[in-house]
Amino acid sequence: MSDELVADRWTLGGILHTTIPVLLALSVLSMGSGLVLERMKHLFLSYPALLILFPVMIGLGGTLGSLLASRLSTAVYLGTATVSFRDRAMLANILAVVGLAATASIVAGLGAGAASRFLPGAVLPLSTLVVVALMSSMVLVGFVIVTVMAVTAAAYRFRIDPDDVAIPVVTNTADIVGAVTYTAVVLLVVSP
Amino acid sequence: MSVVREAARIYWTSLGVVLISIGGYTVAGVILGEEGMRQAAVTMPGLLLMVPGLMAMRGNVYGALGARIATALHQGLIEPRFTWQPRLVVAVAASLVNGGVIAVFLGVAAWLLMVGGGQAASLGVLLFVSLVSTALSAVVVTAFLLAVLFIGFRHGIDPDILNGPLVTSVGDIAAVFFVSVSVMLAGVIL
């Protein structure tokens, strides 16, 4: 990287200049999932298990997205991978992330079910929770993979440091996609 | 390199921390679902509106900070030690400023959205909760993040794997936990 790019990266003004506009825009996006939560309060408050699952379902995308984005930016920087569906290292990462999403949602569904039995409120069958979690996460992980690849590729093309933008963009968009997907699946499966 | 075998390697290396993060989210979810918070959700309109935004800070602010530190460690620009290093100080200061700006924005925006939608809400309460919870989280999560990345790096663990699930999940729990703490404080002080 050129010297001026490196120097800018490490001044307070330089960092804030890049990050604050992006963060404000993304905070606006996050209000989207907040609105979903606030509006659907009645549904989530009556089934504690669904409320327990909410952070998982919106956070899982961000978790896996950060993992993928971190690995991808380092790999591209070191030259061990390229952002392409034909790149073997990229495919391996994609496959791993899908597997992690499936495992995580099964465990989360079971965990939320178990924990909810200790809280006052209506109880849902474990199978329902697992199905809801799996369906939501599979949609979410697909979105996350495409987003991380697109943002990383664009960042390199426009000479922006992917570490500054990839993780914020993927976690925020995954939050809102996760919230909307999860709510849609819940409405579909739990209250037809 | 077999794609499937490499995928399995990445999967098994990351599974532990991903499950830890699921545990973290579940704890955050239980805090959200327990009686006190559910009541607060009803009595403090706009509270739930802010929650995803406050949790989003773990990616926006701490995740980005962690990625920056991780890359700098790989590049040799930062030492994995708690010493006064200009780059380290600047990165942490930037994350604190970012957190403060977002906290104010969320409080005001939540209030505007509630009032705009025809529901009464208290700007003072919302700002108090978002600022106090953000300040408390910032201290705890930043210290934890740096400790994990530094110690991990010194032991040869790839900071990129630690940064994703482990740090963001601690950020999530901290966010919701400190929201419940500030909700409690708001009830007492305001």
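The values are calculated or read from the model by the stated rules, or taken from the named source; none is laboratory data. As the structure is a computational prediction, the values presented were derived from the model and not from experiment. Glycine also receives a Cβ, built like all others from the backbone with ideal geometry; neighbour counts cover every protein chain displayed. Surface accessibility is based on the protein's heavy atoms, side chains included, excluding ligands, DNA and RNA. Shrake-Rupley method; radii C 1.70, N 1.55, O 1.52, S 1.80 Å.
Taking the conditions exactly as written (over 21 Å from the mean Cα position of the chain (by Cα), closer than 29 Å to B:THR13 by Cα and not aromatic (Phe, Trp, Tyr)), does B:LEU112 satisfy them or not? The answer is no for B:LEU112. Of the residues making up the stretch B:20-28, none is open to solvent by 30 Å² or more (accessible area, probe 1.4 Å), over 26 Å from A:ALA96 (Cα atoms) and at pLDDT 85 or above. The condition of being more than 20 Å from B:ILE22 (Cβ to Cβ) and either assigned to a loop (DSSP other than H, G, I, E, B) or at pLDDT below 90 (or both) holds for only one of B:ALA121, B:ALA143, B:ALA138, B:ALA147, that being B:ALA121.
Looking across the stretch B:81-112, the residues that are among the aromatic types (Phe, Trp, Tyr) and outside any helix (DSSP H, G or I) come down to B:PHE82, B:TRP84. With respect to the conditions (1) in contact (Cβ under 8 Å) with a residue 60 or more places away in the chain; (2) open to solvent by 40 Å² or more (accessible area, probe 1.4 Å); (3) within 8 Å of chain A (Cβ to nearest Cβ), B:MET1 lacks only one, and its number is (1).
Can you pull out the residues in the stretch A:121-170 that are among the charged types (D, E, K, R), part of a helix (DSSP H, G or I) and open to solvent by 50 Å² or more (accessible area, probe 1.4 Å)? Selection gives A:ARG157 alone.
Any chance the stretch B:45-54 includes a residue that's open to solvent by 10 Å² or more (accessible area, probe 1.4 Å), free of Cβ contacts under 8 Å to residues at least 24 places away in the same chain and more than 7 Å from every other protein chain (Cβ to nearest Cβ)? No, the stretch B:45-54 contains no residue that is open to solvent by 10 Å² or more (accessible area, probe 1.4 Å), free of Cβ contacts under 8 Å to residues at least 24 places away in the same chain and more than 7 Å from every other protein chain (Cβ to nearest Cβ). With respect to B:VAL42, is the statement that it is touching a residue at least 12 places away in the same chain (Cβ under 8 Å) and of a type in the set (A, V, I, L, M) true? No. Among the conditions (1) crowded, with 24+ Cβ neighbours inside 10 Å; (2) modelled with pLDDT of 90 or more; (3) small (Gly, Ala, Ser), the only one that A:ALA115 does not satisfy is (1).
Within the stretch A:12-27, residues that are within 14 Å of B:GLY99 (Cα to Cα) sit with their Cβ atoms under 9 Å from residues that are basic (Lys, Arg) and part of a helix (DSSP H, G or I), at 6+ positions apart or across chains, in these pairs: A:ILE15/A:ARG9; A:ILE15/B:ARG68. Filter the stretch B:115-151 for residues that are within 11 Å of B:GLY66 (Cβ to Cβ) and not β-branched (Val, Ile, Thr) and give the result. B:PHE144, B:LEU145, B:LEU146, B:LEU149, listed by residue number. For residues that are more than 9 Å from chain A (Cβ to nearest Cβ) and surrounded by 24 or more Cβ atoms within 10 Å (Cβ to Cβ), scanning just the stretch B:58-77, find the one that is farthest from B:ILE102 (Cα to Cα). Among residues in the stretch B:58-77 that are more than 9 Å from chain A (Cβ to nearest Cβ) and surrounded by 24 or more Cβ atoms within 10 Å (Cβ to Cβ), the one farthest from B:ILE102 (Cα to Cα) is B:ILE69. Select from the stretch B:5-19 the residues that are open to solvent by 30 Å² or more (accessible area, probe 1.4 Å), at the interface with chain A (Cβ under 7 Å from one of its Cβ atoms) and over 20 Å from the mean Cα position of the chain (by Cα) and list them in ascending order. Passing the criteria: B:GLU6, B:TYR11. Can you say whether B:ILE22 is at the interface with chain A (Cβ under 7 Å from one of its Cβ atoms) and within 20 Å of B:ALA174 (Cβ to Cβ), as far as the supplied structure shows? The answer is yes for B:ILE22.
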